[in-house]
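Structure first, commentary second.
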Amino acid sequence: MNFFQKQKENPIESVKITILGNTNVGKTSIVKSYRGDYSGNEQNTIGAGYYATKIDNLLLEIWDISGDERYKVFSKIYYRNSHYCIIVFDIDMVSFNNAKNTCLQIERIDPNIIIILVCNKIDIYYKAVNNIKQENVLSLDSGKKSFIDQQYIDVMNRIDNDPFTHSYVYYKISAKEGINIKNLFKYIRLHHIESLQIVEDKQPIKIRNCENCSNCIII
Ligand SMILES: Nc1nc2c(ncn2[C@@H]2O[C@H](COP(=O)(O)OP(=O)(O)O)[C@@H](O)[C@H]2O)c(=O)[nH]1
Ligand SMILES: [Mg+2]
């Protein structure tokens with residue numbers, strides 16, 4: 001019986017996803033953007049937010065964990081039974097380095113959890129690249145502005161070239177502009193369906209259901 005046949009009998013398969021990362025990197029915005037209600041002024045998450053989204057036969061149960069230091073101690077409780085952890089940083093080395101530590105911690109606690117790295121706010125990087133390009137074309141040098149833009153570009157390059165980002169599935173997204181948000185969750189859905197199918201295929205199949213007969217073939 002394949003995944004889709006099984007789904008007919010047992011229609012809902014739950015996928016538990018936990019989103020972790022520093023405060024302000026855009027965790028809540030990512031979930032809101034995926035659900036089509038990004039507003040740009042999300043309230044600070046207190047403790048954890050829970051969102052359930054059903055797509056076909058999968059129920060995505062998304063836990064949005066506050067990045068506030070006060071709640072970090074509880075984050076393990078949420079991600080312990082997760083299928084997937086999305087670890088978010090933005091174009092900032094502090095949030096990126098913290099994401100590295102979070103990865104190590106999760107792998108120590110449960111190496112079966114699938115980690116996905118996400119760099120949010122990629123729109124800021126695209127804008128910086130564009131600004132610098134325009135300044136070059138117009139031979140302008142607006143001092144402070146181009147310095148900030150160049151900093152974003154340098155940080156993005158450092159993050160992209162870090163071996164850590166090459167060790168995991170890595171998405172560059174923008175909750176604000178909706179860039180790659182759907183692809184991120186689509187990856188999780190397809191990956192989960194595939195892994196269910198693999199588990200299914202590994203199940204021993206009793207061809208004949210008798211206990212003592214030597215003709216029984218068990219694969
Ligand atoms: N430019 C930009 N700003 C974003 C993006 N995502 C979130 N923000 C802003 O970042 C701030 C923090 O977002 P929030 O979702 O509350 O972060 P959280 O603390 O990680 O949940 C808010 O002001 C958002 O409007 C993005 O993709 N691009
Ligand atoms: Mg939040």
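The values are calculated or read from the model by the stated rules, or taken from the named source; none is laboratory data. Because the structure is predicted, anything quoted here is derived from the model rather than measured. Backbone-built Cβ (ideal geometry, glycine too); neighbour counts: all protein chains shown.
Summary table
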{"read-out": "Condition check for Phe89: away from ligand 1 (no atom under 13 Å from the Cβ), at pLDDT 95 or above and either crowded, with 22+ Cβ neighbours inside 10 Å or closer than 30 Å to Gln150 by Cβ (or both)", "value": "no"}
{"read-out": "Failed item in (1) farther than 16 Å from Arg189 by Cβ; (2) in a helix (DSSP H, G or I); (3) near ligand 1 (Cβ under 9 Å from one of its atoms), with Ser75 passing the rest", "value": "(3)"}
{"read-out": "Hits in the stretch 93-124 - residues which are under 23 Å from Glu177 (Cβ atoms), of a type outside the set (Val, Ile, Thr) and outside any helix (DSSP H, G or I)", "value": "Leu117, Cys119, Asn120, Lys121"}
{"read-out": "Selection from the stretch 33-68 of residues that are surrounded by 15 or more Cβ atoms within 10 Å (Cβ to Cβ), within 13 Å of ligand 1 (Cβ to nearest atom) and either in a strand (DSSP E or B) or at pLDDT 90 or above (or both)", "value": "Ser33, Tyr34, Tyr38, Ala48, Gly49, Tyr51, Ile62, Trp63, Asp64, Ile65"}
